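Q: Okay, here's the structure, questions in a sec.
The values are calculated or read from the model by the stated rules, or taken from the named source; none is laboratory data. Predicted, not measured: the structure shown is a model, and the values here were computed from it. Every residue, glycine among them, receives a Cβ derived from its backbone with ideal geometry; neighbour counts consider all protein chains shown. Ligands, DNA and RNA are excluded from the accessible area calculation, which covers all protein heavy atoms including side chains. Shrake-Rupley method; radii C 1.70, N 1.55, O 1.52, S 1.80 Å.
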Amino acid sequence: MDVLVSGATGLVGAHTAAALYRAGHRLRLLVRDRQRAERWCASQDIAVSEWFEGDMSDRALARRALHGCDAVVHAAAAVNLKRAEAEQTLRSNLAGVENIVGEAWKMGIPRILYVSSAAVLMHPKAQYLREDGELNPGGEPYSVAKRACEERVRDWQCQGAPIIISYPSAVFGPHDPKLSESNAALCTFCNSFVPQTRSGMQFVDARDLADAHRLLLEKPMNGNPCNERYLVAGHFLPWRAFADLLASQRPVRRLPLPAWLLMSAGRFLDACRHVITVDFPLSREAARIVCHFPPSRSQRLRDALAFESRPAADTVHDTLCWLEQCGHLTPVNNNHNKRTHHV
């Protein structure tokens, strides 16, 4: 297939492009920073058939990139947590969905994959993540935008559009074209502390997610586009077990934190963001994810593809080694007990 991938300078888009290329598909990439993407592709021995440089809000560019494609992966997103720019974040993400997913449908492209997020399924009353659950009402500007995009794409699905939606959890992985939010959070856990609450960490390996995306594009559609929604959630580890896994690689600090304290701190920092710039990753929504993230029990991806994620320990080991090699983390003493087991 001739496949267009948007967002290939991000962790998810880059690995998805790599998985498609290695399976024999021809790649077209729509990117904002071609030089960054070219460097990454060269480092991974990936050949790109056609390049399209520009913003996903450019409809004419998107249509040129889509012309003649057999399949599309829309992994690009405008990530911005600034409340003052919430409206722009919403407009940018909706424009990307309209110009790539919507235009692909209008042009008759038979395979369209939209990369959403497990966070949109995180309704406050949900005990488990599930594809048919209620949507997260939203909080931060980016979450509001992701929900709006989700609703738009689901509406097209129900009109018969050949769209597949994937819902990744937090995505860790090596060979990150630029430090993603999830990999940056992993650095924060290593450099500061791992919170110990009653919830846990749900994460998927970028390489597993990429393989799932490739397989979803290659499989026959099931006849009802509204059922083409798949959680790609990987592993759920309670925070204590997640800290143990990190500690098998490098020393970590653990900090027991009651949910009410984290939630209060997140609300306080959100209020501060209305008047000043706060360069600290905690927010009310981030605190809710840390304290109340529901695990996934969906079997839909496994049933459709017989898909299995690699061991969680392998993901953490490979990602931490890569973060050290690239200077994002200070290497630990070689005598520290390295990973010898799988989770």
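Q: Could you identify the single residue in Glu38, Glu87 that is of a type in the set (Asp, Glu) and over 24 Å from Trp156 (Cβ atoms)? Before you say what the answer is, go through the steps one by one.
A: Working: Glu87 fails: over 24 Å from Trp156 (Cβ atoms).
Going through Glu38, Glu87 in turn, the sole match is Glu38.
Q: A follow-up question, please. Give me a count of the residues in region 299-325 that are of a type in the set (D, E, K, R), more than 18 Å from Ala247 (Cα to Cα) and either buried (at least 18 other Cβ atoms within 10 Å of the Cβ) or touching a residue at least 40 places away in the same chain (Cβ under 8 Å) (or both). Reasoning before the result, please.
A: Within region 299-325, the first condition is being of a type in the set (D, E, K, R), and the residues that meet it are 300, 302-303, 308, 310, 314, 318, 324.
From what is left, the residues that are more than 18 Å from Ala247 (Cα to Cα) are 300, 302-303, 308, 310.
Imposing the further condition that a residue be either buried (at least 18 other Cβ atoms within 10 Å of the Cβ) or touching a residue at least 40 places away in the same chain (Cβ under 8 Å) (or both) reduces the set to 300, 310.
Number of matching residues: 2.
Yes or no, residue by residue, for (1) part of a helix (DSSP H, G or I); (2) within 25 Å of Phe203 (Cβ to Cβ):
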position: Glu131; (1), (2): no, yes
position: Leu135; (1), (2): no, yes
position: Gly138; (1), (2): no, yes
position: Ser143; (1), (2): yes, yes
position: Arg147; (1), (2): yes, yes
position: Glu151; (1), (2): yes, no
position: Gln157; (1), (2): yes, no
position: Gly160; (1), (2): no, no
position: Tyr167; (1), (2): no, yes
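Q: Filter region 300-310 for residues that are closer than 21 Å to Phe172 by Cα and not hydrophobic (A, V, I, L, M, F, W, C); which is nearest to the chain's Cα centre (by Cα)?
A: Initial filter on region 300-310 (closer than 21 Å to Phe172 by Cα): 301-302, 307-310.
If we keep only those that are not hydrophobic (A, V, I, L, M, F, W, C) as well, we get 302, 308-310.
Working: Arg302: 19, Glu308: 18, Ser309: 15, Arg310: 17 Å.
Among those residues, the one meeting the criterion is Ser309.
Q: To continue, here is another question. Counting just the residues of region 20-40 that are part of a helix (DSSP H, G or I) and open to solvent by less than 10 Å² (accessible area, probe 1.4 Å), which one comes out farthest from His74 (Cα to Cα)? Outline the logic, then answer.
A: First, pick out the residues of region 20-40 that are part of a helix (DSSP H, G or I): 20-22, 34-40.
Subset that is open to solvent by less than 10 Å² (accessible area, probe 1.4 Å): 20, 37.
Numbers: Leu20: 14, Ala37: 16 Å.
Only one residue fits best here, namely Ala37.
Q: Pick from region 172-205 the residues that are of a type in the set (A, V, I, L, M, F, W, C) and within 15 Å of Gly327 (Cβ to Cβ): which of them is surrounded by the most Cβ atoms within 10 Å (Cβ to Cβ)? So that I can check it myself, show each step before the final result.
A: In the first step, residues of region 172-205 are kept if they are of a type in the set (A, V, I, L, M, F, W, C); the result is 172, 179, 184-187, 189-190, 193-194, 201, 203-204.
If we keep only those that are within 15 Å of Gly327 (Cβ to Cβ) too, we end up with 179, 184, 186-187, 190.
Details: Leu179: 14, Ala184: 14, Leu186: 24, Cys187: 15, Cys190: 22.
Checked region 172-205; the qualifying residue surrounded by the most Cβ atoms within 10 Å (Cβ to Cβ) is Leu186.
Q: Considering region 15-28 alone, what residues qualify as being in contact with a helix residue (DSSP H, G or I) (Cβ under 6 Å, 6 or more places away or on another chain) and either of a type in the set (A, V, I, L, M) or at pLDDT below 95 (or both)?
A: Ala19, Leu20, Ala23, Leu27
Q: Taking Val290 as the residue in question, decide whether it is within 18 Å of the chain's Cα centre (by Cα), hydrophobic (A, V, I, L, M, F, W, C), modelled with pLDDT under 90 and not in a loop (DSSP other than H, G, I, E, B). Steps first, please.
A: Details: within 18 Å of the chain's Cα centre (by Cα): yes; hydrophobic (A, V, I, L, M, F, W, C): yes; modelled with pLDDT under 90: yes; not in a loop (DSSP other than H, G, I, E, B): yes.
Yes; evaluated as a whole, the condition is true for this residue.
Q: Can I ask one more? Any residue that is open to solvent by less than 60 Å² (accessible area, probe 1.4 Å), touching a Lys or Arg at 6+ places or on another chain (Cβ under 6 Å) and farther than 30 Å from Ala271 by Cβ - is there at least one of those in region 73-95?
A: No; the residues of region 73-95 include none that is open to solvent by less than 60 Å² (accessible area, probe 1.4 Å), touching a Lys or Arg at 6+ places or on another chain (Cβ under 6 Å) and farther than 30 Å from Ala271 by Cβ.
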